[in-house]
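Visitor: Dropping the structure in here first, questions after.
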Amino acid sequence: MRRGLLSLAKRSVTAVAAAACFIAAANPTGPSPQVNQTGFLPQAAKWAVVHVDKALPGDDFAVVDVATGATVLQATLQPVAHWAPAGQQIRLADLSALQKTGNYRIRVAGQPDSAPFEVGGSVYATLSQGVLKAYYFSRAGMALEQRYAGVYAREAGHPDTEVLVHASAADAKRPAGSVISSPKGWYDAGDYNKYIVNSGISVSLLLAAYEHFPKVAGAWQVDIPEQGNGLPAVLNEAAWNIDWMLSMQDPADGGVYHKLTNLRFDGFVMPHVATKPRYVVQKTTAAALDFAATMAMASRVYARYETQRPGYAGQLLAAARKAFDWAEQHPQVLYVQPADVVTGQYDDQNLSDEWAWAATELWLSTQEARYRSRLDLASLPCNPPAWQDVSGMVWMSLAQHLAVLPAADAAHVRQTLRSCTQHFVADWQASAYRLALPEGAFGWGGNSVLLGQAMLLAAAHRVGGERPALDAAQSAVDYVLGRNPLGVTMVTGFGARSPRHPHHRPSQADGVDAPVPGFVVGGANPKQEDKAECPPYRADPVALAYVDDVCSYASNEVAINWNAPMVYMLAALKALTPSMD
Ligand SMILES: [Ca+2]
Ligand SMILES: [Ca+2]
């Protein structure tokens, strides 16, 4: 996320971790067979991958019950194929016929048994709550108590009640050096700063998980301090960050500061030890629009809880309108990193998608023509949602609200989601690995790109009903959860093998052996922007360009915008996969 902007502090830890991780770096290929190590809903498509660089003694695979050792499924592997991203000969195992609840391993003669996985109707419940709990572990300005955080309890960091207005954000009412209060929110990633652009898409995806799949996401139980207040856990967690975002809006003019940050990155220390001065930096159009979209969506969602949070939905909608008005008066204020600030930029030169997203959410929440008139659906692309390209957020939201759209708009949404995902479905069907690879799948945060693709496929499935779109989405999730050539569940603390040394300050500094759980890491990235900071690790084949080392912000960092699509997809799979009950 912060290309080329490594702090000196980051460098200091690298040497310590280097020796221990060199062996893993030299030979990162995971054991075969590889499978989603969490598992599958009973009626999901289920695939596993078997490496066959050495010829197998047979052509069959079996699925065996972990407890009894009984074989519950035996079938023939698919023909040998080459999967170029890993440079491997593979054979697929289709175990979709296995629908009986249980815990299983895949057995192939001549290879060790696979990691265990579960089949069951609640298979994603624990993981869903875990990836949501990661946001609690990321809270700024709050001590994490032992009763909620267990061994990851820590003191409060970054109260942000006395934040300085940076010169880039100064005006007559708030000159440089003015002090404002901007508490709460989530730490963005491996670092301790807070960025509106990335917060917007992250918290919006949590809200979308609830708005689109309320029965699933609304039922998630997470041990957090607000539990029992009448709101679902996902909305309590989202509100912690929404409240921070609200404080980033200048009440005088409605503009929104781009970020709240130190001038330089903190060292690899616990949050409460990091006490450098914090600043709000430059109001931008991107921040105003992402803020407006998020608050407009939030106003719809929290309106259901007017009794528990009286006035909140109205406050959110008023904030959204005011930010949109500011953007209309300042339509092209791009972020320019001040000379004395070196933290993440989240700078974006193309705001057409941000305009569309803000207009869409305000229109859906108000039905006012002034917002619809700012929305040109015909020219809007349909890309996997990302912080710098939120076009996909528009199509996902419109897909949710088809019933209130004019007929022509509804038809356009259906057609666009179909056409923008059909190449993913075709690639998935043709792939030796049963995996469509969107642009950027092997780049910074590639796991989130795959999950973003899955979200569009889920939206296409919702409006079109075609089963292959859902199965292709499942495959993308499977990849992140262990059906990958590294054989690693790319979520800390989940699965038989998962990252131990993420680029995440509390995980490195807390004195606890295991990393803080529930964080999706970036994934294989042959660009290796961290090359100077890391021990050598392979860049080729691209799907193996990963190292489980704290140095590796290019392949092993965590980020709130990488967890969010996993939260969304776990709700989507549970809600959309057919079920007997
Ligand atoms: Ca953009
Ligand atoms: Ca640790």
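Visitor: Are any residues in region 430-470 among the acidic types (Asp, Glu) and free of Cβ contacts under 8 Å to residues at least 40 places away in the same chain, and if so, which ones? Break it down stepwise before answering.
Guide: The initial filter retains those residues of region 430-470 that are among the acidic types (Asp, Glu), namely 439, 466.
Selection gives 439 alone.
Visitor: Another one. Go through region 143-154 residue by residue and tally those that are open to solvent by 30 Å² or more (accessible area, probe 1.4 Å) and either in a loop (DSSP other than H, G, I, E, B) or within 24 Å of residue 210 (Cβ to Cβ) (or both). Spell out how you get there, then give the answer.
Guide: Going through region 143-154, the residues open to solvent by 30 Å² or more (accessible area, probe 1.4 Å) turn out to be 143, 145-147, 151-153.
Retained after the next criterion (residues that are either in a loop (DSSP other than H, G, I, E, B) or within 24 Å of residue 210 (Cβ to Cβ) (or both)): 143, 145, 153.
The number of residues fulfilling the criteria is 3.
Visitor: For region 136-146, does any single residue satisfy the condition of being within 17 Å of residue 193 (Cα to Cα) and aromatic (Phe, Trp, Tyr)?
Guide: Checked against the condition, which is being within 17 Å of residue 193 (Cα to Cα) and aromatic (Phe, Trp, Tyr), region 136-146 yields at least one hit.
Visitor: Residue check: is residue 79 surrounded by fewer than 22 Cβ atoms within 10 Å (Cβ to Cβ) and at pLDDT below 95?
Guide: no
Visitor: Return the only residue of 162, 237 being of a type in the set (Asp, Glu), on the phi < 0 side of the Ramachandran plot and touching a Leu at 6+ places or on another chain (Cβ under 7 Å). Please lay out each step first, then the result.
Guide: On the way: 162 fails: touching a Leu at 6+ places or on another chain (Cβ under 7 Å).
Unique residue meeting the criteria: 237.
Visitor: Return the total of residues in region 82-95 being open to solvent by 30 Å² or more (accessible area, probe 1.4 Å) and outside any strand (DSSP E or B).
Guide: The number of residues fulfilling the criteria is 2.
Visitor: (1) open to solvent by less than 10 Å² (accessible area, probe 1.4 Å); (2) more than 16 Å from ligand 2 (Cβ to nearest atom); (3) within 25 Å of residue 570 (Cα to Cα); (4) part of a loop (DSSP other than H, G, I, E, B): which one isn't true of residue 547, the others all being true?
Guide: Single failed check for residue 547: (3).
Visitor: Mind telling me which of the residues 506, 499, 517 ends up being touching a strand residue (DSSP E or B) at 6+ places or on another chain (Cβ under 9 Å), open to solvent by 20 Å² or more (accessible area, probe 1.4 Å) and within 16 Å of ligand 2 (Cβ to nearest atom)?
Guide: Matching residue, one of 506, 499, 517: 517.
Visitor: Here's a follow-up. Tell me which residues, restricted to region 351-375, are farther than 21 Å from residue 313 by Cα and in contact (Cβ under 8 Å) with a residue 24 or more places away in the chain.
Guide: Those that are farther than 21 Å from residue 313 by Cα and in contact (Cβ under 8 Å) with a residue 24 or more places away in the chain: 351, 352, 353, 354, 355, 356.
Visitor: I'm trying to understand the selection: among the residues of region 212-253, which are touching a residue at least 40 places away in the same chain (Cβ under 8 Å), among the charged types (D, E, K, R) and open to solvent by 10 Å² or more (accessible area, probe 1.4 Å)? Explain how you work it out, then say what you get.
Guide: To start, the set of residues in region 212-253 that are touching a residue at least 40 places away in the same chain (Cβ under 8 Å) comprises 212-213, 215-217, 220-225, 229-231, 233-235, 237-250, 252-253.
In the following step, the residues that additionally are among the charged types (D, E, K, R) were identified as 215, 223, 237, 243, 250, 253.
215, 223, 243, 253, listed by residue number.
Visitor: Could you check residue 469 against (1) more than 16 Å from ligand 2 (Cβ to nearest atom); (2) open to solvent by 20 Å² or more (accessible area, probe 1.4 Å) and say which number it fails?
Guide: With (1) more than 16 Å from ligand 2 (Cβ to nearest atom); (2) open to solvent by 20 Å² or more (accessible area, probe 1.4 Å) applied to residue 469, the lone miss is (2).
Visitor: Same structure again: From the list 364, 375, which one is away from ligand 1 (no atom under 16 Å from the Cβ), at pLDDT 95 or above and either under 26 Å from residue 408 (Cβ atoms) or charged (D, E, K, R) (or both)?
Guide: Values: 375 fails: away from ligand 1 (no atom under 16 Å from the Cβ).
Answer to the selection: 364.
Visitor: Considering only region 144-191, state which residues are more than 24 Å from the chain's Cα centre (by Cα) and among the aliphatic types (A, V, I, L, M).
Guide: Listed by number, the residues that qualify are 151, 156, 163, 164, 165, 167, 169, 170, 172, 176, 179, 180.
Visitor: Considering only region 432-450, state which residues are within 16 Å of the chain's Cα centre (by Cα) and among the aliphatic types (A, V, I, L, M).
Guide: 441, 449, 450
Visitor: Given the conditions (1) open to solvent by 10 Å² or more (accessible area, probe 1.4 Å); (2) touching a Ser or Thr at 6+ places or on another chain (Cβ under 9 Å); (3) of a type outside the set (Asp, Glu), and given that residue 208 satisfies all but one, which numbered condition is not satisfied?
Guide: Condition not satisfied by residue 208: (1).
Visitor: Pairs needed: first member in region 324-349, closer than 11 Å to residue 289 by Cα; second member anywhere, open to solvent by 40 Å² or more (accessible area, probe 1.4 Å) and within 16 Å of ligand 1 (Cβ to nearest atom); C-beta distance under 9 Å; at least 6 residues apart or different chains.
Guide: Within 9 Å, the pairs are 324/374; 327/333; 328/374.
Visitor: If the Cβ limit is 6 Å and pairs must be 6+ apart or interchain, which residue in region 107-135 that is closer than 27 Å to residue 75 by Cβ and without any contact (Cβ under 8 Å) to a residue 40 or more places away in the chain pairs with which residue that is assigned to a strand (DSSP E or B) and not hydroxyl-bearing (Ser, Thr, Tyr)?
Guide: none
Visitor: Assess whether residue 329 counts as being modelled with pLDDT of 95 or more, within 26 Å of the chain's Cα centre (by Cα) and open to solvent by 70 Å² or more (accessible area, probe 1.4 Å). Spell out how you get there, then give the answer.
Guide: On the way: modelled with pLDDT of 95 or more: yes; within 26 Å of the chain's Cα centre (by Cα): no; open to solvent by 70 Å² or more (accessible area, probe 1.4 Å): yes.
No: the conditions fail for residue 329.
Visitor: What pairs come up if the first residue lies in region 511-522 and is farther than 23 Å from residue 476 by Cβ, the second is near ligand 2 (Cβ under 7 Å from one of its atoms), and their beta carbons are under 6 Å apart, counting only those six or more places apart or on different chains?
Guide: 515/507; 516/507
Visitor: In region 521-540, is there at least one residue being among the hydroxyl-bearing types (Ser, Thr, Tyr) and within 16 Å of ligand 2 (Cβ to nearest atom)?
Guide: Looking only at region 521-540, we keep the residues that are among the hydroxyl-bearing types (Ser, Thr, Tyr), and these are 537.
The next check asks that each one be within 16 Å of ligand 2 (Cβ to nearest atom); those that pass are none.
No, region 521-540 has no match at all.
Visitor: So which of 60, 53, 65 is among the charged types (D, E, K, R) and closer than 27 Å to residue 576 by Cα? Reasoning before the result, please.
Guide: Values: 60 fails: closer than 27 Å to residue 576 by Cα; 53 fails: closer than 27 Å to residue 576 by Cα.
None of the others qualify; the one that does is 65.
Visitor: Does any residue of region 408-431 turn out to be part of a loop (DSSP other than H, G, I, E, B), farther than 23 Å from residue 206 by Cα and more than 18 Å from the chain's Cα centre (by Cα)? Steps first, please.
Guide: First, pick out the residues of region 408-431 that are part of a loop (DSSP other than H, G, I, E, B): 431.
Right, trim to farther than 23 Å from residue 206 by Cα and you get 431.
Subsequent filtering for residues that are more than 18 Å from the chain's Cα centre (by Cα) retains 431.
There is at least one residue in region 408-431 that is part of a loop (DSSP other than H, G, I, E, B), farther than 23 Å from residue 206 by Cα and more than 18 Å from the chain's Cα centre (by Cα).
Visitor: So, of the residues in region 334-361 that are small (Gly, Ala, Ser) and either under 21 Å from residue 303 (Cα atoms) or open to solvent by less than 30 Å² (accessible area, probe 1.4 Å) (or both), which turns out to be nearest to ligand 1 (Cβ to nearest atom)? Before you say what the answer is, go through the steps one by one.
Guide: Narrowing region 334-361 to residues small (Gly, Ala, Ser): 339, 344, 352, 356, 358-359.
Still in the list and also either under 21 Å from residue 303 (Cα atoms) or open to solvent by less than 30 Å² (accessible area, probe 1.4 Å) (or both): 344, 356, 358-359.
Details: 344: 16, 356: 9, 358: 11, 359: 14 Å.
So the residue we want is 356.
Visitor: Would it be correct to say that residue 119 is surrounded by fewer than 23 Cβ atoms within 10 Å (Cβ to Cβ) and more than 23 Å from the chain's Cα centre (by Cα)?
Guide: On the way: surrounded by fewer than 23 Cβ atoms within 10 Å (Cβ to Cβ): yes; more than 23 Å from the chain's Cα centre (by Cα): yes.
So residue 119 passes the test.
The values are calculated or read from the model by the stated rules, or taken from the named source; none is laboratory data. Being a predicted model, the structure only gives us computed values, none of them experimental. Don't worry about glycine lacking a Cβ; one is built from the backbone with ideal geometry, like all the others, and counts go over all protein chains shown. Keep in mind that these areas ignore ligands, DNA and RNA; they rest on the heavy atoms of the full protein, side chains included. Shrake-Rupley method; radii C 1.70, N 1.55, O 1.52, S 1.80 Å.
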